[in-house]
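A.B. asks: Dropping the structure in here first, questions after.
Here, each number is a calculation from the coordinates, and none is a lab measurement. None of the values given here were measured: they were computed from a predicted structure. Because the Cβ atoms are built from the backbone with ideal geometry, glycine has one as well, and the counts that use them run over all protein chains shown.
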Amino acid sequence: MQVRNFIDGAFVASRSGKAIPVVNPATQDVLASVPLSSGEDVRQAAEKGRAAFPDWRDMPVVDRVQPLFRLKVLLEENFEDISRTMTLECGKTLVESRGELRRGIENVEVACGMPSLIQGWNNENIAAGIDEHMIRQPLGVVAAITPFNFPGMIPLWFLPYALATGNCFILKPSEKVPLTSQKLFTCLAEAGFPTGVVQLVNGGAEAVNALLEHPDIRAISFVGSTPVAKHVYGQAAAHGKRAQCQGGAKNPVVVLPDADLAETAAALAESAFGCAGQRCLALSTAITVGEVRGPLTEALVEAARTRAVGNGLNPDVEMGPVITEESKSRIVGLIAEAERGSGRILVDGRSSRVDGLESGNWVFPTMVDGVTPGDALAQEEVFGPVLSLMHADTVDEAIALVNGRAFGNMACLFTSSGAAARQFRNQVDAGNIGINIGVAAPMAFFPFSGWNESFFGDLHAQSRHGVEFYTQTKVVVERWP
Ligand code: NAD
C-alpha cells in the first residue's frame, strides 16, 4: 500500500519520489510505504489552504462546526478499524488504542462547542456613548506536526480547534505511523469540509522545515522530542509564526507511607509499563518516602515480572513492543549505563523475547534501583518500559528530587494526607499534577500543561488554550454620534 497525501480535497501521491517502509513493530511486517514529501508538496497544500481560507473564515461558526459533528459520527462508526490500525503500526494494545481514540474524539466533541468557546468580551459605555468589544478571528493556514506514540489522539488535540475557529489546517503526522492518519482523513473527506480546508502532508524533516519556512503558514503546533521541539520553536519564531511545541518528559511519582499500597502499585505499574513506557506521561522514576520503600518495591517487582508482553492484537497482552530497533538499542544502552554506575537491576527485560515473534522490538518491563540524581537514567527521557527507583526520608526531600529535573510534563503523589497533597501541588515544578493518579492526562476541556523542557510556548494544546492559540484578538472601540 502507498500512503497518500490529502491535498485540495483528494488523496494524491507525493511529488518527491522518496519513500520509506512503515513497519509493524511486533512482527517486522512491512505494512505500507510512506512518502517523504518535499517542499513542493507543502507549497501546494499551503496554496490550496490559503485559497480556501476566505470562504471558510466567513462561514458562520454554527455552520463551521457541522462537519465536526459528522466527523464525530464517522470516527465512532470506524472506531474499531482505526484502533486496530493504531495497534498494527504503533504496537500498543487494542485496549490502549481504543482509549487513545476515545480521548481524541473528546476533542472533536469539545470543539463542537465553538459557538460559545469563541465568544469575545464587551463593555458598554467605557466612556459616555462609547462601547468597546473584543472579537476573535482566525489566523489563516496553520499546521500541526505530530509524534509516533499517539497517532490517533494527538492530531485531534489540534485539528478540531483549528478548523472550528475558522483556520485551514495541514497535518504532518509521524512518518513511523502514517496509516492512522489515512483512516482519519478518509473520515474527514466524508465529513463535508470544503476543499482545501483540511489537508495531509506525509513525511519527515524536509516536510517539517518546509512548513516552518512557508510564509502562508501562520502557526505551528508541534508534539515530539525536546531537541526537535526546540528546533521547531526557534524556526517558527524566526519565520514570524506562532508556535506551541510540546517536548519530551521524565515523570516522577512520589509515594508516601500512608498511600494505599495495592492501588498505588497497580497505578504505578500501569503508568511505567502501559504503552511500553512510550507515553509522554509515563512514570519514569518512583520516589519512595520512608518505610514504604520495601513493600512498594516488592509489589512493583511482582507487577513488572508478571506483565503479559506480546502482539497488541492479542487480547491477553498487556504491553506491546517499542517502536523501532533504534529505540530498543537506546533504551538497552541507558539500562547498561545505569548498571555500570550505581544502578542495581531488579527486573531485567533486555533479553526477553515473545515466542513466535522473536524479531519484534521487545523490551520487557525493567526496574533499576539505586539510581542517583546525576545518572542519565534519572535525567534523560527513556521512552521505554524502564522504572527507576529513588528513595527519600521526607516529603521535602522527595519534592527536591522531583524539582531537580529539567523536564516538567507530569509529577504525581500517592498519599492519604491532604496536607501533603496540597504542599506537593503547590511546590512541584511540573504542569500536569496527579494526586493518587498515575497518568495525569488532562481531559479535552483542560489544557495539556507541560512546563520547562517539556513545553515551548505559552498556550497549550486542547480546550480554551487551543481557541486562543488559533485566533487573534481584535478590539473595536465604537461611538455612534
Ligand atoms: P520526534 O521528535 O522524533 O518526531 C516528532 C515529529 O517531528 C515527527 O513528525 C517527525 O517527522 C518530526 N521530526 C523528527 N526529527 C525532525 C527533525 N530533525 N527536523 C524536523 N522535524 C523532525 O518524536 P517521536 O519519536 O515521534 O515521539 C516521541 C517523543 O514525543 C517523546 O520525546 C515524547 O515525550 C514526545 N511526546 C510529547 C508529548 C507531550 O505532550 N509533551 C506527547 C507525546 C509525545
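A.B. asks: I'd like to compare 100-106, 293-299, 86-92: which one has the highest average count of other Cβ atoms within 10 Å, and what's the full order after that?
C.D. replies: Details: 100-106: 21.3, 293-299: 16.1, 86-92: 27.0.
So the order, starting with the most tightly packed, is 86-92, 100-106, 293-299.
A.B. asks: Tilt of helix 94-111 relative to the longest C-alpha principal axis of the chain, in degrees (0 to 90, nearest 10)?
C.D. replies: 30
A.B. asks: Under 5 Å between amide hydrogens, which residues at least 5 positions from Leu283 or on another chain qualify, with H placed 1.01 Å from N in the peptide plane?
C.D. replies: Residues meeting the amide H criterion: Ala272.
A.B. asks: Determine the shape class of the range 114-263: with a ≥ b ≥ c the square roots of the Cα gyration tensor eigenvalues, call it rounded for a/c under 1.5, and otherwise prolate if a/b is greater than b/c, oblate otherwise.
C.D. replies: Oblate is the answer for the range 114-263, as a/c is 1.5 or above yet b/c matches or exceeds a/b.
A.B. asks: Here is a further query. List every residue whose amide H lies under 5 Å from the amide H of Val198, counting only residues 5 or more places away in sequence or on a different chain, with H placed 1.01 Å from N in the peptide plane.
C.D. replies: Residues meeting the criterion, in which the H sits 1.01 Å from N, are Phe169.
A.B. asks: Ok, one more. Multiplying the sequence separation of Thr186 and Arg464 by 0.36 nm and subtracting their Cα-Cα distance, what value in nm do you get?
C.D. replies: 97.3 nm
A.B. asks: Residues with amide H under 5 Å of Val22's amide H, sequence separation 5 or more or different chain, H placed in the peptide plane at 1.01 Å from N; which?
C.D. replies: When sequence neighbours closer than 5 places are left aside, the close amide H contacts are Leu31, Ala32, Ser33, Val34.
A.B. asks: Relative to the Cα centre, what is the charge dipole magnitude of the chain, using +1 at the beta carbon of each Lys and Arg, -1 at the beta carbon of each Asp and Glu, and rounding to the nearest 20 debye?
C.D. replies: That gives a dipole near 980 debye.
A.B. asks: For the charge dipole of the range 5-97, defined by +1 on Lys and Arg C-beta atoms and -1 on Asp and Glu C-beta atoms about the Cα centroid, which residue among Ser83, Ile7, Ala51 has the Cα displaced farthest towards the positive pole?
C.D. replies: Farthest towards the positive end: Ala51.
A.B. asks: OK, next. Let's test this: bin the Cα-Cα distances of the range 315-471 at 10 Å from zero up to the farthest pair and state each bin's percent.
C.D. replies: Distribution as computed: 10, 30, 33, 23, 5, 0 percent.
A.B. asks: To the nearest 10 degrees, how steeply does helix 418-427 sit against the main Cα axis of the chain, on a 0 to 90 scale?
C.D. replies: Helix 418-427 and the main axis of the chain meet at about 60 degrees.
A.B. asks: Residue by residue through the range 157-163, which ³J(HN,Hα) values in whole Hz follow from phi under the Karplus form 6.51 cos²θ - 1.76 cosθ + 1.60 (θ = phi - 60°), with glycine and proline marked x?
C.D. replies: Taking θ as phi minus 60°, the curve returns 5, 10, 3, x, 6, 4, 6 Hz for the range 157-163.
A.B. asks: OK, next. Quick one: angle between helix 261-273 and the longest Cα principal axis of the chain, in degrees between 0 and 90, rounded to 10, please.
C.D. replies: Once rounded, one gets 60 degrees.
A.B. asks: Could you list the GluC sites (Glu not before Pro) in the range 338-440 that lie in coil according to DSSP, counting only those with at most 10 other Cβ atoms within 10 Å of their Cβ? Write down the numbers at each step before the final one.
C.D. replies: Values: sites: Glu339, Glu358, Glu380, Glu381, Glu397; in loops: Glu358, Glu380, Glu381.
The qualifying sites are Glu358.
A.B. asks: What 222 nm value per residue comes from the helices of the chain, counting each DSSP H run with n ≥ 4 as -39,500 (n - 2.57) and dividing by all residues, nearest 500 deg cm²/dmol?
C.D. replies: -12000 deg cm²/dmol
A.B. asks: Which of the trypsin sites (Lys or Arg not before Pro) found in the range 341-390 are in a DSSP loop and have at most 14 neighbouring Cβ atoms, other than their own, within 10 Å?
C.D. replies: The qualifying sites are Arg353.
A.B. asks: Still on this structure: Could you tell me how far the Cα centroid of the range 87-114 sits from the Cα centroid of the range 168-195, in Å?
C.D. replies: 14
A.B. asks: Along the Cα-to-C-beta direction of Arg422, a point sits 7 Å from the Cα; which residues of the range 377-407 have their amide N less than 12 Å from that point?
C.D. replies: Backbone N within reach: none found.
A.B. asks: Per residue of the range 135-140, what does 6.51 cos²θ - 1.76 cosθ + 1.60 with θ = phi - 60° give for ³J(HN,Hα)? Whole Hz please, x for Gly and Pro, Karplus curve as stated.
C.D. replies: 10, 10, 10, x, 8, x
A.B. asks: By its C-alpha gyration tensor, with a ≥ b ≥ c as the square roots of the eigenvalues, how is the range 1-51 shaped: rounded for a/c under 1.5, else prolate for a/b larger than b/c, else oblate?
C.D. replies: Prolate is the answer for the range 1-51, as a/c is 1.5 or above and a/b outweighs b/c.
A.B. asks: Ordered by residue, what ³J(HN,Hα) values in Hz, to whole numbers, does the range 355-372 give under the Karplus form 6.51 cos²θ - 1.76 cosθ + 1.60, where θ = phi - 60° and Gly and Pro are x?
C.D. replies: Per-residue couplings from phi come out as 4, x, 10, 4, 8, x, 8, 8, 10, 7, x, 10, 10, 10, 9, x, 6, 10 Hz.
A.B. asks: Taking 2.2 N^0.38 Å as the expected size of a compact globular protein, what ratio does the Cα radius of gyration of the range 145-213 give against it, to two decimals? Write out the running numbers ahead of the final one.
C.D. replies: Details: Rg = 11.6 Å, N = 69, 2.2 N^0.38 = 11.0 Å.
Ratio of Cα Rg to 2.2 N^0.38 Å: 1.06.
A.B. asks: While we're looking at this one, here's another question. With a ≥ b ≥ c taken as the square roots of the eigenvalues of the C-alpha gyration tensor of the chain, please select rounded if a/c is under 1.5 and otherwise prolate if a/b is larger than b/c or oblate if it is not?
C.D. replies: oblate
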